[in-house]
Amino acid sequence: MKIAVSSSSKDFDSLIESRFGRCACFLMVETDDMSFEVYNNQSIASGGCASMLSDQFISSKSAKAVPNRQLLAKCITNTCCRRY
């Protein structure tokens, strides 16, 4: 399963960033083999709705889960991602 991790840096061992929409980047991790891809968060500079824009982006990358407690419920209403 592919999960999207909001991260403070591009390293696999970096901390999970609690500010989902304003994180520095996303790590798209394939849990079967722990391979990952890094994407800069293009929503970080948006004036508003950064979480919703970020959610749309990770959904477009086929992520099925987001391990982040700060993710707003309204951000996952129109996507296939689950919050953990």
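The values are calculated or read from the model by the stated rules, or taken from the named source; none is laboratory data. Model, not experiment: these values are computed from the prediction. Cβ coordinates were reconstructed from backbone atoms using ideal geometry, including for glycine residues, and neighbour counts include every protein chain displayed.
For this structure, a couple of remarks:
- Qualifying residue in the range 1-10 (condition: under 13 Å from residue 67 (Cα atoms) and either in contact with a Gly (Cβ under 8 Å, 6 or more places away or on another chain) or of a type in the set (Asp, Glu) (or both)): no
- In the range 40-58, the residues that are surrounded by fewer than 16 Cβ atoms within 10 Å (Cβ to Cβ) and either in contact with a Phe, Trp or Tyr (Cβ under 6 Å, 6 or more places away or on another chain) or within 14 Å of residue 8 (Cβ to Cβ) (or both): 40, 44
- Long-range neighbours under 6 Å by Cβ, at least six apart or interchain, first residue of a type in the set (D, E, K, R) within the range 33-54, second at pLDDT 85 or above: 37/28
- Any hit, the range 62-78, residues being at pLDDT 85 or above and surrounded by 16 or more Cβ atoms within 10 Å (Cβ to Cβ): yes
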